[in-house]
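Q: Got a structure for you, written out below as structure tokens; questions coming shortly.
The values are calculated or read from the model by the stated rules, or taken from the named source; none is laboratory data. Small disclaimer: the values here were computed from a predicted structure and weren't measured. Here Cβ is always computed from backbone atoms with ideal geometry, including for glycine, and neighbour counts include all displayed protein chains. In case anyone asks, the SASA skips ligands and DNA or RNA and just uses the protein heavy atoms, side chains included. Shrake-Rupley method; radii C 1.70, N 1.55, O 1.52, S 1.80 Å.
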Amino acid sequence: GGTNFGFMNGAEGDATHYSPWITSYDYDSPISEGGELTDKYYSIREFISKYKNVTLPQPPVADDPVSYGKVGLEYYGNVLNEYQESFESYTLPQPVTMEFVNQSYGYIAYEATFETKECKENFTTTFNLSIQDEGHFYLNSKLIALLDRKSSNVTFQKDCSLATQLIQIVIGNMGRINYQYRAASGDSIYNHEFRGILHFQALEEITPWRLTPLSFIDFKYNSLNRSKFSQDNIPQYCFYKGELPKETASQKDTYVYIELPYFHKGIAFINDFNLGRYWPVEGPQKSLYVPGVLFNTNSTNYITIFETAHCTADKVYVNFLNVPNIG
């Protein structure tokens, strides 16, 4: 196997559990995805030559991967506060799944307001919802709850000083289960592979809803504008961007390390190409494979990060090295 670029990582699971897979499957292969010959290759070659009276040709020589070292990235804004208008949105009477708006992968943002009624100090409100696969629930731009497949209730206090309350919910598809499963009833797991908000119930009348698919299918790094970090902005779902000068880049493979303390969870792009997910806390993968053909040698190269867990005003870094770390 090798790297599943973009959102093609997949997942394993059934009716009772769900576990997304990592981006790379480059384990125990005779030839790595970068073209390096492994110990397994030479063992196979030795085994063949022992039982076949043939002269084996010399193996091809792969180009050595290259190290570019550290590349600094700067904050380029939050998708909910600054870039939501850049994506196509839908206005619907109630929240629906990704598939209902013709979206298969990525993230989806939900937004709605409701009037502040019967608001008292220490009085709580509870929403009942179920989602797939994980996300964040915000009230008036403040994080209220982390959501996952096991979430059912979100309880919060309204801001009584406001005439209306703003709800924002972002849900991410962490990977689709990609093998057939059937329950004892004969039901297929694929009949339940919807993503986003599956169910939402509240005592208040909340309508309409604005839905914004963040699929990144036509993502363009040059559409991002340098932004000033604000403590008032939502501290998740933000962009960072950095440059690798054309004089530095070659069309040789490399591996980019996207690690703590700078990055926690998200996706990475070289120019407009989605390399896949990073999640260093969970691992085991700590680097993403970057094929050399993705680099421009006649123009500046851009590395863009979409960080979904923890945004900071500090300058952050990725590291391009010539050896992978996939755990």
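Q: How far apart, in nm, are the 7 Å Cα→Cβ label points at Thr312 and Glu36?
A: The modelled label-to-label distance comes out at 2.9 nm.
Q: How much area per residue is accessible in the chain when the probe is 1.4 Å and only protein heavy atoms are counted (Å²)? Mind dumping the intermediate values first?
A: Values: 16920 Å² over 327 residues.
On a per-residue basis, the chain sits at 52 Å².
Q: Taking 0.36 nm per residue of sequence separation and subtracting the Cα-Cα distance, how much length would be gained by fully extending the chain between Asp232 and Lys70, in nm to one decimal?
A: Difference between extended and current length: 55.3 nm.
Q: Here is a follow-up. Report the calculated FRET efficiency for Ala15 and Glu115 (r = Cβ-Cβ distance, R0 = 51 Å), to the nearest 0.05.
A: Step by step, r from the Cβ atoms, then E = 0.80.
Q: Moving on to the next point. Helix 39-51 against the longest principal axis of the chain: what's the angle in degrees, Cα atoms only, rounded to the nearest 10?
A: Computed tilt is about 40 degrees.
Q: Tell me the label-point distance for the pair Lys52, Asn296, using the 7 Å Cα-to-Cβ offset, in nm and rounded to one decimal.
A: 4.5 nm
Q: How far apart, in nm, are the 7 Å Cα→Cβ label points at Ser104 and Leu203?
A: 4.3 nm
Q: Moving on. Please find the FRET efficiency linking Ser43 to Asn322, where r is the Cβ-Cβ separation and R0 is fixed at 35 Å, and quote it to the nearest 0.05.
A: After rounding to 0.05, the efficiency reads 0.90.
Q: Need the list of aspartates and glutamates near Lys315 for cross-linking: C-alpha distance under 15 angstrom, and skip anything on the same chain fewer than eight residues off.
A: Candidates past the 8-residue exclusion: Glu74, Glu243, Glu259, Glu307.
Q: Could you work out the equivalent-ellipsoid semi-axes for the range 52-149, taking the square root of 5 times each eigenvalue of the Cα gyration tensor, largest first, in whole Å? Numbers along the way, then the final one.
A: Numbers: eigenvalues 476, 83, 51 Å².
Sorted largest first and rounded, they come to 49, 20, 16 Å.
Q: Please report, as a whole percent, how much of the solvent-accessible surface of the chain comes from carbon and sulfur atoms (probe radius 1.4 Å).
A: Numbers: 8370 of 16920 Å².
Carbon and sulfur atoms account for 49 percent of the accessible area of the chain.
Q: Using only Cα atoms, figure out Rg for the chain and give it as a multiple of 2.2 N^0.38 Å. Can you show the working numbers first?
A: Working: Rg = 23.1 Å, N = 327, 2.2 N^0.38 = 19.9 Å.
After normalising by residue count via 2.2 N^0.38 Å, the value is 1.16.
Q: So what does His192 come to for accessible area, using a 1.4 Å probe and Å² rounded to 10?
A: Its accessible surface works out to 100 Å², give or take rounding.
Q: Output wanted: per-residue J couplings in Hz (rounded whole) for the range 135-152, from phi through Karplus 6.51 cos²θ - 1.76 cosθ + 1.60, θ = phi - 60°, x for Gly and Pro.
A: x, 10, 10, 10, 10, 6, 6, 10, 5, 9, 7, 8, 10, 8, 5, 8, 5, 9
Q: Next up: At a 10 angstrom cut-off on C-beta neighbours, averaged per residue, how do the peptides 202-211, 316-325, 302-311 rank from highest to lowest?
A: The densest-packed peptide leads the list: 302-311, 316-325, 202-211.
Q: To continue, here is another question. Averaging sequence separations of C-alpha pairs under 8 Å and six or more residues apart, then dividing by the length of the chain, give the relative contact order as a whole percent.
A: Relative CO of the chain lands at 25 percent.
Q: Which residue, Cys160, Ser215, Ser287, has the largest displacement toward the positive end of the dipole of the chain when charges sit on each Cβ (Lys, Arg +1; Asp, Glu -1)?
A: Ser287
Q: Any idea what log10 I(q)/I(0) is at q = 0.29 Å⁻¹ for the range 239-281, Debye with uniform C-alpha scatterers and no solvent?
A: The Debye formula, applied to the Cα set alone, gives -1.25.
Q: Still on this structure: Output the relative contact order of the range 112-154, whole-number percent, from Cα pairs under 8 angstrom with separation of 6+ residues. Working shown, then result.
A: Working: 44 pairs, mean separation 15.9, N = 43.
Averaging sequence separation for qualifying contacts and normalising by length gives 37 percent for the range 112-154.
Q: Let me check something: with ligands and nucleic acids excluded, how do Phe127, Phe100, Phe5 order by accessible area (1.4 Å probe), largest to smallest?
A: Values: Phe127 0, Phe100 135, Phe5 60 Å².
Most to least solvent-accessible, the answer reads Phe100, Phe5, Phe127.
Q: Among 168-177, 247-256, 90-99, how do they line up from the highest to the lowest mean number of other beta-carbon atoms within 10 Å?
A: Numbers: 168-177: 23.8, 247-256: 18.3, 90-99: 16.1.
Ranked by mean Cβ neighbours within 10 Å, highest first: 168-177, 247-256, 90-99.
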